[in-house]
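In what follows, a single structure is set out as structure tokens and then discussed.
Any read-out appearing in this document is the output of simple, stated calculations on the displayed coordinates, not a laboratory observation. Bear in mind that the values here come from a model prediction, so they are computed numbers and not experimental data. Every residue, glycine as well, gets a Cβ built from its backbone with ideal geometry; the counts of neighbours run over all protein chains shown.
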Amino acid sequence: MEERHASAEQGYYLKMGNDFVGMYRSEEGPKLFFNRDKYRLNDSKWDVELVVGRHNNLFIFYWQGERKISFRFSKNLDRVIQLYRLLQEYLAAPRTV
């Protein structure tokens with residue numbers, strides 16, 4: 001899968017194949033996006049998982065307990081792991097209920 005990425009003080013995104021996934025700051029707080037779908041990260045309605053496999057990894061994002069984003073990626077795509085770590089930082093921060 002092709003990977004392109006960009007990062008800036010206001011956001012971070014990856015282009016993987018025909019899909020875009022990333023995070024950005026907004027007036028409502030940080031948001032995660034996958035193509036045109038957007039999720040507010042300052043809500044407590046989300047979770048994220050990274051499943052590490054022998055040859056591939058699996059990234060999963062849940063919104064209100066439902067899987068919304070899920071894709072496999074090769075182990076050498078460190079940018080996806082960086083996105084996961086950024087999301088983990090937001091999980092550790094206080095959020096609204």
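Amide hydrogen proximity for residue 20: with H placed 1.01 Å from N in the peptide plane, the residues at 5 or more positions away or on another chain lying under 5 Å are 35. Across segment 78-83, rounded Karplus estimates of 3J(HN,Hα) from the backbone phi angles (6.51 cos²θ - 1.76 cosθ + 1.60, θ = phi - 60°) give 5, 5, 5, 5, 5, 4 Hz, Gly and Pro being marked x. Residue-wise HN-Hα couplings along segment 49-54, as the Karplus relation 6.51 cos²θ - 1.76 cosθ + 1.60 with θ = phi - 60° gives them from phi, are 9, 10, 9, 9, x, 5 Hz; Gly and Pro carry x.
The H on the amide N of residue 48, modeled in the peptide plane, is under 5 Å from the matching H of 62, each at least 5 residues off or on a different chain. Of [x] 8.0; [y] 7.2; [z] 6.2, which one was derived for mean projected area of the Cα convex hull in nm² from the structure shown? Only one listed value fits the structure, namely [z]. Based on DSSP H segments of at least four residues, each scored -39500 (n - 2.57), the chain has a per-residue ellipticity at 222 nm of -5000 deg cm²/dmol.
Using only side-chain charges placed at the Cβ, +1 for Lys and Arg and -1 for Asp and Glu, the dipole size of segment 3-92 relative to its Cα centre rounds to 300 debye.
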